[in-house]
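*Asks:* One structure, as structure tokens, below. Some questions next.
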Amino acid sequence: MSRIGFVYGDAMLKHEPPPWHPERKERLIRILGDLQNSGVSEKLVHLRSKRAGLDDIALVHTREYIEAMRTFGEGCLDPDTYTSQDSLEAALHAAGSLIQAIETCKGGEITRLFCAVRPPGHHAEADSAMGFCLFNNVAVGARYAQKSGFQKVFIVDFDAHHGNGTQHIFEEDDSVFYFSTHQYPYYPDTGKDFDRGKGKGKGYTYNVQILKGSGNKEYLSVYQDFLPDLVRRFGPDIILVSAGYDIHVNDPHADIRVTSEGIRGIVHSILTSSSCPTIFSLEGGYDLGSLAECVRITLEEMLKVS
Ligand SMILES: [Zn+2]
């Protein structure tokens with residue numbers, strides 16, 4: 001059985017949008033509870049999140065935006081995105097979880113990890129917060145990985161929504177491949193299948209639009225029949241996964257019908273597409289029971305695939 005790392009820190013519970021907001025701390029609490037009750041937790045190597053430095057965040061975000069976030073305090077950044085007093089701290093730990101995971105991979109002993117983070121990251125642009133996201137955790141992770149010697153980074157984003165921030169940050173870069181499946185048309189209205197990158201990055205962005213109502217059949221045909229070849233051709237040094245469980249059939253924030261077993265198939269395909277280090281980072285997923293089950297299934301697959 002492989003050793004699997006699980007990165008988490010209590011600081012990420014301190015981000016508190018208004019009580020009605022779906023992106024709430026109970027998401028992480030429920031995940032931790034389910035892992036404990038199922039016995040999966042004791043099979044994992046538990047690692048504490050690091051607090052990312054502002055220079056780490058600046059690998060991706062503009063200094064103006066970081067300064068605005070540092071001084072903003074409590075309030076509303078866009079119609080979906082709120083901050084509380086300690087949101088900056090939580091967001092630094094979310095991005096810092098990826099840094100912790102990459103540092104661990106460098107050691108060579110544990111090369112597959114799951115980062116249980118919030119706030120999520122893939123909608124955050126270089127210069128703005130968006131769609132529940134403050135800093136783009138996976139994008140910071142990709143740049144930090146490159147600084148650490150993992151030159152070629154393949155990002156898989158299976159969240160129900162397109163990761164507009166991640167695409168825009170890397171679309172002119174041929175060293176980071178961004179692959180996304182997402183409900184379309186849908187929020188945030190980016191990620192058309194003809195968007196394939198720009199300039200030097202042409203051919204290094206790949207979007208698969210998924211029609212609402214689609215489920216296991218559509219997803220598994222993409223993840224089993226198509227993704228592995230794309231990964232092999234790129235030859236990554238590390239894979240980062242924007243793991244958004246709002247594709248689950250029970251999720252109230254999308255119209256995708258992937259079941260828990262479908263999640264297992266997606267995760268299995270990602271893990272078997274390459275033997276390089278692979279780090280999953282939590283994005284969406286708002287039905288608490290299904291979210292916790294899907295994260296557990298992801299970890300069960302990670303434990304199985306050596
Ligand atoms: Zn989402």
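The values are calculated or read from the model by the stated rules, or taken from the named source; none is laboratory data. Since this is a predicted model, take the numbers as computed values, not measurements. As a convention, Cβ positions derive from the backbone with ideal geometry for all residues, glycine included, and neighbour counts pool all protein chains shown.
*Asks:* Which residues, counting only those in region 263-306, are within 16 Å of the ligand (Cβ to nearest atom), of a type outside the set (S, T, N, Q) and not in a loop (DSSP other than H, G, I, E, B)?
*Replies:* Listed by number, the residues that qualify are Ile263, Ile266, Phe280, Leu282, Leu288, Leu291, Cys294, Val295.
*Asks:* Moving on to the next point. In this structure, is Leu240 more than 28 Å from Ala145 (Cβ to Cβ) and away from the ligand (no atom under 15 Å from the Cβ)?
*Replies:* no
*Asks:* How many residues does region 184-226 hold that are more than 14 Å from Ile247 (Cα to Cα), out of contact with any Ser or Thr (no Cβ under 7 Å at 6 or more places or on another chain) and either in contact (Cβ under 8 Å) with a residue 60 or more places away in the chain or small (Gly, Ala, Ser) (or both)?
*Replies:* Of the residues in region 184-226, 5 are more than 14 Å from Ile247 (Cα to Cα), out of contact with any Ser or Thr (no Cβ under 7 Å at 6 or more places or on another chain) and either in contact (Cβ under 8 Å) with a residue 60 or more places away in the chain or small (Gly, Ala, Ser) (or both).
*Asks:* Select from region 178-200 the residues that are within 16 Å of the ligand (Cβ to nearest atom) and of a type in the set (Asp, Glu) and list them in ascending order.
*Replies:* Asp189
*Asks:* Could you check region 243-262 and list, in sequence order, the residues that are buried (at least 20 other Cβ atoms within 10 Å of the Cβ), within 15 Å of the ligand (Cβ to nearest atom) and either part of a helix (DSSP H, G or I) or hydrophobic (A, V, I, L, M, F, W, C) (or both)?
*Replies:* Ala243, Tyr245, Asp246, Ile247, Ala254, Ile256, Val258, listed by residue number.
*Asks:* Residues that are touching a Phe, Trp or Tyr at 6+ places or on another chain (Cβ under 7 Å) and aromatic (Phe, Trp, Tyr): does region 95-115 have at least one?
*Replies:* Scanning region 95-115 turns up at least one residue that is touching a Phe, Trp or Tyr at 6+ places or on another chain (Cβ under 7 Å) and aromatic (Phe, Trp, Tyr).
*Asks:* OK, next. Only strands (runs of 3 or more DSSP E) wholly contained in region 45-145 count here; list those with 3 or more residues that are at negative phi and more than 16 Å from the ligand (Cβ to nearest atom). Write out each step before concluding.
*Replies:* Details: elements: 45-48, 75-78, 81-83, 112-115.
Once the strands (runs of 3 or more DSSP E) in region 45-145 are filtered for at least 3 residues that are at negative phi and more than 16 Å from the ligand (Cβ to nearest atom), what remains is 45-48, 112-115.
*Asks:* Do we find a residue being closer than 18 Å to Ile297 by Cβ, modelled with pLDDT of 95 or more and either in a strand (DSSP E or B) or within 16 Å of the ligand (Cβ to nearest atom) (or both) anywhere in region 210-226?
*Replies:* Within region 210-226, the first condition is being closer than 18 Å to Ile297 by Cβ, and the residues that meet it are 215-216, 219-220, 223-224.
Add one more test, that the residue is modelled with pLDDT of 95 or more, and what stays is 215-216, 219-220, 223-224.
Cutting the leftovers down to either in a strand (DSSP E or B) or within 16 Å of the ligand (Cβ to nearest atom) (or both) gives us 215, 219.
Yes, that holds for at least one residue.
*Asks:* Take region 50-88 and flag every residue that is more than 22 Å from the chain's Cα centre (by Cα) and of a type in the set (Val, Ile, Thr).
*Replies:* If the condition is that a residue be more than 22 Å from the chain's Cα centre (by Cα) and of a type in the set (Val, Ile, Thr), then Thr71 is the only one that fits.
*Asks:* Then there is this: Give the residue, chosen from Phe179, Phe154, that is in contact with a strand residue (DSSP E or B) (Cβ under 8 Å, 6 or more places away or on another chain) and closer than 15 Å to Val208 by Cα. Show your work before the answer.
*Replies:* Details: Phe154 fails: closer than 15 Å to Val208 by Cα.
The unique qualifying residue is Phe179.
*Asks:* I want to confirm something. Restricting to region 154-177 and keeping residues that are within 10 Å of the ligand (Cβ to nearest atom) and over 11 Å from the mean Cα position of the chain (by Cα), which single residue is surrounded by the most Cβ atoms within 10 Å (Cβ to Cβ)?
*Replies:* Going through the qualifying residues, I end up with His161.
Conditions (1) out of contact with any Cys (no Cβ under 6 Å at 6 or more places or on another chain); (2) acidic (Asp, Glu); (3) touching a residue at least 12 places away in the same chain (Cβ under 8 Å), marked per residue:
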{"residue": "Gly235", "(1), (2), (3)": "yes, no, yes"}
{"residue": "Ile238", "(1), (2), (3)": "no, no, yes"}
{"residue": "Asp246", "(1), (2), (3)": "yes, yes, yes"}
{"residue": "Ile256", "(1), (2), (3)": "yes, no, yes"}
{"residue": "Ile263", "(1), (2), (3)": "no, no, yes"}
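*Asks:* Considering only region 40-51, I want to know if a residue exists there that is farther than 25 Å from Arg296 by Cβ and surrounded by 15 or more Cβ atoms within 10 Å (Cβ to Cβ). I'd like the intermediate steps shown before the answer.
*Replies:* Taking region 40-51 and keeping what is farther than 25 Å from Arg296 by Cβ, we get 51.
Retained after the next criterion (residues that are surrounded by 15 or more Cβ atoms within 10 Å (Cβ to Cβ)): 51.
Yes: one or more hits.
*Asks:* Condition first: under 25 Å from Leu220 (Cα atoms) and outside any loop (DSSP other than H, G, I, E, B). Now tell me which residues in region 166-197 satisfy that. Spell out the reasoning first.
*Replies:* Looking only at region 166-197, we keep the residues that are under 25 Å from Leu220 (Cα atoms), and these are 166-167, 176-197.
Those that are under 25 Å from Leu220 (Cα atoms) and outside any loop (DSSP other than H, G, I, E, B): Thr166, Gln167, Val176, Phe177, Tyr178, Phe179, Ser180, Thr181, His182, Gln183.
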